[in-house]
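Visitor: Pasting in a structure now, in structure tokens, and then I'll have a few things to ask.
Where a number appears in this text, it was derived from the coordinates with a stated rule and is not lab data. Just so it is clear, the model here is predicted, and its values are computed rather than measured. Note that we place each Cβ from the backbone using ideal geometry, even for glycine, and neighbour counts take in every protein chain shown.
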Amino acid sequence: MRGDDYVGSFIVKALVDRNRVNDVILFDVEDSIEWVILKIAKSNPRHMILIDACEMNLKAGEVSLIRLAEMSYPFFTTHGIPLKLLANKFLPNAETWILAIQPERMEFNGDRTTLSPEVLASASSVSNFIASTLEERPNA
């Protein structure tokens, strides 16, 4: 609901459209990871990557991959409960990462699927990279 905050959903939707990989589960949680975390935990993942817009004081569209255990705040996300707390509580055995993308716009708007040009370019690059990496895997 907040401009570039849609970036995680954009990437997951692009991956779902392109890939059918049996051992990779994709969840598009939009703004409700708090409601989906138990479903994710039931799949007992060894690895998990959360993709989200995070305020990192970088240029719009810049991407950082950070182990959630090493993540320090003041990262800002729009989730009611911090992602690190959710992962520690419900996914204690998973190696969890956050793919953080610097938003340009986080204001409420009527069209939540419209990304700023910089974030859209990054989201397209990220989804293409992940898709090609999954396609190249030996067991894919």
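Visitor: Where a Cα-Cα gap under 19 Å defines reach, which aspartates and glutamates qualify for Lys59, not counting those fewer than 8 residues away within the same chain?
Guide: List returned: Asp4, Asp5, Glu104, Glu107, Glu118.
Visitor: Name the long-range amide H neighbours of Ala53: under 5 Å, sequence gap of 5 or more, or other chain; modelled H, no Pro or chain starts.
Guide: Val7, Gly8, Ile101
Visitor: Could you compute the FRET efficiency for Trp35 and Ser125, with r as their C-beta to C-beta distance and R0 at 22 Å, rounded to 0.05?
Guide: According to the calculation, E is roughly 0.15.
Visitor: Show me 47-55, 92-100, 125-133 ranked by packing, highest mean number of other Cβ atoms within 10 Å first.
Guide: Per-residue mean Cβ counts within 10 Å order the peptides as 47-55, 92-100, 125-133.
Visitor: Pulled fully out, how much extra length does the chain show between Arg2 and Glu95, if you take 0.36 nm times their separation in residues and subtract their Cα-Cα distance?
Guide: Gain on stretching Arg2 to Glu95: 30.6 nm.
Visitor: Fewest Cβ neighbours within 10 Å first, please rank Ser43, Ser9 accordingly.
Guide: Ser43, Ser9
Visitor: What nm value, rounded to one decimal, do you get for the distance between Lys59 and His47 when each label is placed 7 Å out toward the C-beta?
Guide: The two pseudo-label positions are separated by 2.9 nm.
Visitor: Also: Of Glu30, Glu70, how do they rank once you tally other Cβ atoms within 10 Å and put the fewest first?
Guide: In increasing order of surrounding Cβ atoms, one gets Glu70, Glu30.
Visitor: Only counting other Cβ atoms within 10 Å, I'd like Ser32, Ser124 sorted with the fewest neighbours first.
Guide: With the fewest neighbours first, Ser32, Ser124 line up as Ser32, Ser124.
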